[in-house]
Structure formats: C-alpha cells, structure tokens
Amino acid sequence: MTIATLDETIDEATRRFAGAFYTPKERADYAHTYMVQALGNDWKKRCLVWEPSAGTGNLTREYTFNNLILSTLSQDEVDVLVKHKVNDGAVVEKLDFLNADIPPSIHAELIFAKASGQPLVFFMNPPYAASGSSQGGGATKAGVSVTEVKTRMKAAGVGRASLNLYTQFMYR
C-alpha cells in the first residue's frame, strides 16, 4: 500500500467518526511558514518535534527535522511511514495518544531533549470529532470522545470541552 492510496482505503464513515483529517500540502506548507514566524528559521533543527496524530505524515513528510517523533493510532499508517521512509530517521510509533502511556522509545527522546535543553514542539493537526456532533442526517458520534484524557479533563473540571478530541489532544 502506498502513501497516496492509504487515505483512500479508509472507509469514509470510519474516517468521519474518528475525526481523521487529511492535511493537504498547501495547509502543511502554511503551517511550516507560521512555525518559522513563531519560532524562527531553525526550529526544525533545534527542537524536538512531535506529531502525535501523524497519520501518513502529510504534515511533516516534505520537510527535514533533526529530531522528530511521529505517532499514529493505526498500525497500517506506521507501516506506510516506515516502508516509504517518511521522515527517515524519525521515531515512528503506534500510539493511542488519548489512552495509552508513552512508549519507551518516545519517553527516551523526551528525557534526552529535556536533559539537553531542547524545546519540545507539538506540531499537529489533531482529529476534530466530538461525541454527539451531527453529520448531515443527524447521526451522532456517541462514544468517540470516551478516552482516558477525557476522564482526566472531567476530573479537573474542564467541562464540555472534554467532548472534543481536538481539545483532548491539546490538554494532553
């Protein structure tokens, strides 16, 4: 399976339910331009960059990073990233960012970056799904936001924002 065809193989209903979003190249380029404005021209060299909802790497694959972590929910996406050497040299892991503990390989990168004073940048286009949101005919996404992070957010009194996967990513 190629990078170009992987996004097409995901059932549209499944994609919408999970909030999966393909980041077009133009949007990825804009995000990189914005990051240069915010962090300087050397941000990809001096920062540890983590894309926790990497999918097939649309946000990062056209760029070079000195220290990059790509994590995604799907093993198929991990396999494509590795097979096609997307951001070759990056740490690539299957990770349910909203439910699972950080794997040892990513944890080691975080510890090293902290010890060396390297800033951590979360560079992502997280899912936009929310429980109870409607799509056209009034179908709901009941249960999509039931995650470990939502539980933590509710305990902290965050409220309705905890229903959206996007805010859960930001909270984590």
TODO: Can you tell me which residue within segment 127-172, out of those that are assigned to a loop (DSSP other than H, G, I, E, B) and in contact with a Gly (Cβ under 8 Å, 6 or more places away or on another chain), is modelled with the lowest pLDDT?
DONE: Thr140
Task: Matching residues, segment 29-47, being more than 21 Å from Gly117 (Cβ to Cβ) and open to solvent by 60 Å² or more (accessible area, probe 1.4 Å) - done: Tyr30, Thr33, Tyr34, Gln37
- [ ] Could you figure out which of (1) under 23 Å from Glu148 (Cα atoms); (2) touching a strand residue (DSSP E or B) at 6+ places or on another chain (Cβ under 6 Å); (3) assigned to a loop (DSSP other than H, G, I, E, B); (4) not polar (S, T, N, Q) isn't true of Trp50?
- [x] (3)
TODO: Identify the single condition in (1) without any contact (Cβ under 8 Å) to a residue 40 or more places away in the chain; (2) among the hydroxyl-bearing types (Ser, Thr, Tyr); (3) closer than 15 Å to Phe122 by Cβ that Ser53 does not satisfy, given that it satisfies every other one.
DONE: (1)
Task: When residues of segment 99-116 are limited to those that are assigned to a loop (DSSP other than H, G, I, E, B) and of a type outside the set (Gly, Ala, Ser), the one farthest from Tyr166 (Cα to Cα) - done: Pro103
TODO: Give the residue that is modelled with the lowest pLDDT, with candidates limited to residues of segment 65-121 that are exposed (fewer than 12 other Cβ atoms within 10 Å of the Cβ) and of a type in the set (S, T, N, Q).
DONE: Gln75
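The values are calculated or read from the model by the stated rules, or taken from the named source; none is laboratory data. All of these numbers come straight from a predicted model, not from anything done at the bench. So basically every Cβ, Gly included, is an ideal-geometry build from the backbone, and we count neighbours across all protein chains shown. Calculation scope for accessible area: heavy atoms of the full protein, side chains included, ligands and nucleic acids excluded. Shrake-Rupley method; radii C 1.70, N 1.55, O 1.52, S 1.80 Å.
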